[in-house]
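A short reminder: the numbers here are calculations on the coordinates, not readings from a lab. What you see is a predicted model; the values in this text were computed from it and never measured. Because the Cβ atoms are built from the backbone with ideal geometry, glycine has one as well, and the counts that use them run over all protein chains shown.
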Amino acid sequence: MFADENRAFLTRLFAEHSPDDLALARRGSDRHLRDLGFLYPTLPCHFRLDRATHDELLSATARLVSAHQKVMEHVCSSLSPGELAETFRIPEAMASHIDWKRMSAGMALARADIIPTDSGYAFCELNTFSGVGGGECHHSAKLHAELLGHPVAGASPFLDLARHYLSQCTRLGLERLVILDSVRHAGRGYGRDQPLVDFLRAMAPDLDVVYCDETSYRPEWLRAPHARKTLVHRLITFADTDDDGAFLKAVDDSGATVSCMFEAELGMHRKWFSLLCDPGLHHLLDAAESETVRRYVPETFDLGPDNLDDVLAARTEYVFKHSYTYGGDGVLIGAEHPEQALRDRFLADGADTWTCQRMVRASTLDLPVGDGSQAAFSFVLGVYAYGDRTNGALVRGSADSKVVNASRGAISWAFAD
């Protein structure tokens with residue numbers, strides 16, 4: 001298990017190095033992320049996964065992405081756009097920018113979030129978005145290991161993403177790749193995907209690779225023939241836009257190839273995990289996908305007027321998640337809130353905009369904190385899926401919150417043997 005394995009690993013690591021050496025490695029790791037525009041702090045160490053566990057989590061991620069896509073394709077082909085907008089409470093502005101034809105094109109870009117427990121691993125979310133963050137942590141944690149004289153193996157997730165995009169550029173005859181950020185998104189400290197820029201420029205020196213935002217996207221790229229020769233890697237979520245997605249829609253309408261439009265946000269709706277757990281839809285999955293859902297996905301179902309009272313009475317058994325939110329927002333642990341406060345929140349939002357997921361207890365690991373003492377950290381791992389490649393594992397840890405993400409904790413990477 002993750003905690004047991006790393007408890008032994010870190011005991012050796014901390015015993016072999018002086019506090020000054022460990023502090024130097026962490027400062028270097030932090031500085032590396034700052035230079036990439038990534039503002040969240042690092043954990044005081046890197047981590048390890050045994051090879052068998054690493055490979056199984058990557059394979060399980062690929063199976064879960066496939067299962068998720070099959071369920072999405074079925075539901076989206078069974079309902080009209082209007083019915084989908086009503087079922088998933090899609091904001092009107094976002095619904096108008098969803099390319100419904102792409103719902104069956106295959107989600108090529110995703111990250112699975114995985115909770116390590118004392119008895120195994122639980123997949124709690126699937127983020128189907130081209131700009132899902134955290135890949136920079138591979139580079140900073142690798143630097144941490146190297147500064148301590150313990151080089152680690154493993155390729156960057158940005159290398160896999162670069163390969164994925166270069167194959168598309170070759171297939172479509174594209175000449176330019178734009179990493180498109182936004183002023184608002186960049187200000188939240190998620191980094192600018194510089195490793196992706198570096199890999200693309202090294203692997204395809206004739207490709208025009210540009211990082212920009214909505215204020216520096218060149219007007220001529222919105223016109224033919226430039227637009228038809230451009231691939232856009234989207235870092236912006238719908239929530240990051242200040243124009244209800246209009247600029248990104250203009251880029252898409254220009255004829256540029258955009259990594260994904262706002263169908264990706266629909267793919268991140270919490271309801272999909274409820275549908276994955278619905279036995280009535282398991283005929284859509286093959287045996288390996290069904291077993292992956294059974295083994296790794298905690299019981300998840302929709303909240304509504306019919307089950308609200310029963311669920312609130314058993315609230316300590318559940319985590320509640322709200323619609324489209326990400327980054328830890330809109331996630332409530334039932335045991336941390338009074339019943340009436342939860343009821344008021346659910347009724348204010350509309351109970352059917354929330355899902356319930358069976359609470360799994362994350363295993364904890366004691367790590368040093370700023371005052372020299374030790375604190376128990378909970379963790380969430382992340383595995384990336386880019387096309388047919390999977391890569392991980394991102395590590396996020398927090399001693400202050402059971403809802404673990406970069407904004408409520410710190411970050412690192414777990415390397416396989």
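Sites listed here are chymotrypsin sites (Phe, Trp or Tyr not before Pro) in region 354-417 whose DSSP assignment is loop and whose Cβ has at most 14 other Cβ atoms within 10 Å, and the list is empty. Taking only the C-alpha atoms of region 4-119, the Rg (one decimal) and the largest Cα-Cα distance, Dmax (whole number), read 21.7, 63 Å.
Please compute the Kirkwood hydrodynamic radius over the chain, one decimal place, Å, based on all pairs of different Cα atoms. 22.3 Å is the Kirkwood radius here.
Judged by the ratio a/c of the largest to the smallest principal axis of the C-alpha gyration tensor, region 289-375 counts as oblate, that ratio being 1.5 or greater while a/b is no larger than b/c. Where in the chain are the DSSP H helices whose C-alpha atoms run 18 Å or more along the long axis and whose mean Kyte hydropathy is at least -1.0? What comes out of the filter, once short or polar helices are dropped, is 2-16, 51-78, 157-172. Across region 152-201 the C-alpha pair distances fall into 5 Å bins from zero in the proportions 4, 17, 23, 21, 17, 11, 5, 0 percent. Calculated FRET efficiency, ASP344 to ARG51, Cβ-Cβ distance, R0 = 51 Å: about 0.60 to the nearest 0.05. Amide H contacts of ASP118: SER363, each under 5 Å away and 5 or more positions distant or on a separate chain (H built 1.01 Å from N in the peptide plane; Pro and chain starts excluded).
As a length-normalised measure over Cα pairs under 8 Å and 6 or more apart, the relative contact order of the chain settles at 25 percent. Here's how it looks for ILE179: its modeled amide H is under 5 Å from those of VAL210, TYR211, CYS212, HIS233, which are all 5 or more places away or on a different chain. With both labels modelled 7 Å from their Cα along Cα-to-Cβ, the HIS337 to ARG34 distance reads 3.6 nm. Residues in region 222-233 carry Karplus couplings, in order, of 8, 10, 5, x, 4, 4, 5, 9, 10, 10, 10, 8 Hz; the curve used is 6.51 cos²θ - 1.76 cosθ + 1.60 with θ = phi - 60°, and Gly or Pro positions show x.
Taking only the alpha carbons of region 85-171, we obtain Rg and Dmax values of 18.1, 56 Å in that order. Once the Cβ-Cβ distance of ALA313 and ASP278 is raised to the sixth power relative to R0 = 25 Å, the FRET efficiency obtained is 0.60. Backbone phi angles across region 120-132, fed through the Karplus curve with coefficients 6.51, -1.76 and 1.60 (θ = phi - 60°), yield HN-Hα couplings of x, 9, 10, 7, 9, 8, 9, 9, 9, 8, 5, x, 4 Hz in residue order; Gly and Pro are listed as x.
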